[in-house]
């Protein structure tokens, strides 16, 4: 078996970039990739963004690689970039970076308001009487007891998630959800998102 | 080193003044020299709770305006030497004193006393800002009620915005039998929301009302609430005192119930 490394795997800020060699047969590439992934499965597993950079790749072989990545790494975003094309400078940019986000490591208390054009991540609680307004997503690593408004400019694809999701009121885009009068403490992290024009809440690990 | 402690709560009627009076008196019993400062201008109460109302000649506003020296306005307690009260003016309002003036007054008191206890008015406006202007640390008093805890949370946020980062919490007027029934917020629930260290718990006690009316702080008595205040005083002085088992009350009630059942 050929021991030579034909495939180059690069870790980048946006995710993984896999460079496929130009003058090697696909079967060999595929085998090597399979071996490499198996060898480093633990290390690579769960990486959400992978970019495949190639020079020649048939649609059929693309699918093969996609299904391999999905099977081995449970990768969500797979992008293909053709290196042979002229603007190969954009190769590493094929993964669209997320919007900017604000990270706060504190508890947001009654009367405090956090507004941000982007997503908000809070390591701490958001107490009743506090307001968190983001144009993007809201992630609370703690209890959310106050008001949270994700997608404040109308983006209903935004989500709100918290370890203890028990807000007085939730807003996503132009939708408003009011907490039930008798709310019980959630025992697991939950995520709120809009589905068919209403805000639905479900366990985060679903 | 003297310490300036502000007693605050946001909501009114949760026991700021009672707590100020009792902690001040308790610290004096422990041998410290203490000044109590009432900053609730226009709605002064601390003098009444201390039973010193009739001795007021000058007040905080007089000191600030230069009408008198600070030692002329300080009222010596009738029971304990080493305990002094700087009363608030009753006929003026909060705007009569500024934050800067407050800092000057507190700085003067700091030189003479081991502890300066500042009784803060309810609310988050000018009076609150005056009271916390020169404080080193804060004690937040709350009762196990959703509205009071909400206000306490707001206050903790405001304190931290003013640089008082780790206030301590006193949960007042807790009724164990109601907590047991699930009708009252428990200590754990309250701490869970506020997330600041607990300094003490005071059980609901009718004797507090009686002692306030009489102008005699309960901390000197043998009642349960008095004991609770004495424990808090020791904790302020840096001693490690275990929290009182308020469930004891429950035991007593249950015993009584059993007695009647027989």
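The values are calculated or read from the model by the stated rules, or taken from the named source; none is laboratory data. This is a predicted model, so every value here is computed, not measured. Virtual Cβ from ideal backbone geometry, glycine too; neighbours counted across all protein chains shown.
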Positions within segment B:119-161 being more than 15 Å from residue B:195 (Cβ to Cβ) and within 11 Å of chain A (Cβ to nearest Cβ), in sequence order: B:124, B:146, B:147, B:151, B:158, B:161
Answer from B:152, B:122, B:135 - the residue that is part of a helix (DSSP H, G or I) and within 15 Å of the chain's Cα centre (by Cα): B:152
Flag if residue A:102 is more than 14 Å from chain B (Cβ to nearest Cβ), within 29 Å of residue A:12 (Cα to Cα) and modelled with pLDDT of 80 or more: yes
Count of residues meeting criterion [surrounded by fewer than 17 Cβ atoms within 10 Å (Cβ to Cβ), closer than 25 Å to residue B:152 by Cα and more than 14 Å from chain B (Cβ to nearest Cβ)] in segment A:142-174: 1
Out of A:79, A:75, A:56, sole residue that is in a loop (DSSP other than H, G, I, E, B), within 17 Å of the chain's Cα centre (by Cα) and at negative phi: A:75
Top-ranked residue of segment A:7-25 - restricted to ones that are surrounded by fewer than 17 Cβ atoms within 10 Å (Cβ to Cβ) and touching a helix residue (DSSP H, G or I) at 6+ places or on another chain (Cβ under 8 Å), ranked as nearest to residue A:44 (Cα to Cα): A:9
Residue tally, condition touching a helix residue (DSSP H, G or I) at 6+ places or on another chain (Cβ under 7 Å) and under 30 Å from residue A:142 (Cα atoms), over segment B:188-214: 9
Total residues in segment B:23-46, condition assigned to a helix (DSSP H, G or I) and either farther than 15 Å from residue B:118 by Cβ or modelled with pLDDT under 95 (or both): 4
Of residues in segment B:196-214 being at pLDDT below 95 and surrounded by fewer than 17 Cβ atoms within 10 Å (Cβ to Cβ), the one nearest to the other protein chains (Cβ to nearest Cβ): B:209
Qualifying position, being away from chain B (no Cβ under 14 Å), at pLDDT below 85 and crowded, with 19+ Cβ neighbours inside 10 Å, among A:75, A:94: A:75
Given (1) in contact (Cβ under 8 Å) with a residue 12 or more places away in the chain; (2) more than 16 Å from residue A:101 (Cα to Cα), index of the condition residue A:195 fails: (1)
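Rundown of residues vs (1) within 27 Å of residue B:155 (Cβ to Cβ); (2) in contact (Cβ under 8 Å) with a residue 24 or more places away in the chain; (3) touching a helix residue (DSSP H, G or I) at 6+ places or on another chain (Cβ under 9 Å), yes/no style:
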{"position": "A:137", "(1), (2), (3)": "no, yes, no"}
{"position": "A:145", "(1), (2), (3)": "yes, no, yes"}
{"position": "A:154", "(1), (2), (3)": "no, no, no"}
{"position": "A:163", "(1), (2), (3)": "yes, yes, no"}
{"position": "A:171", "(1), (2), (3)": "yes, yes, no"}
{"position": "A:202", "(1), (2), (3)": "no, no, no"}
Out of A:138, A:122, sole residue that is crowded, with 24+ Cβ neighbours inside 10 Å, more than 14 Å from chain B (Cβ to nearest Cβ) and under 19 Å from the mean Cα position of the chain (by Cα): A:138
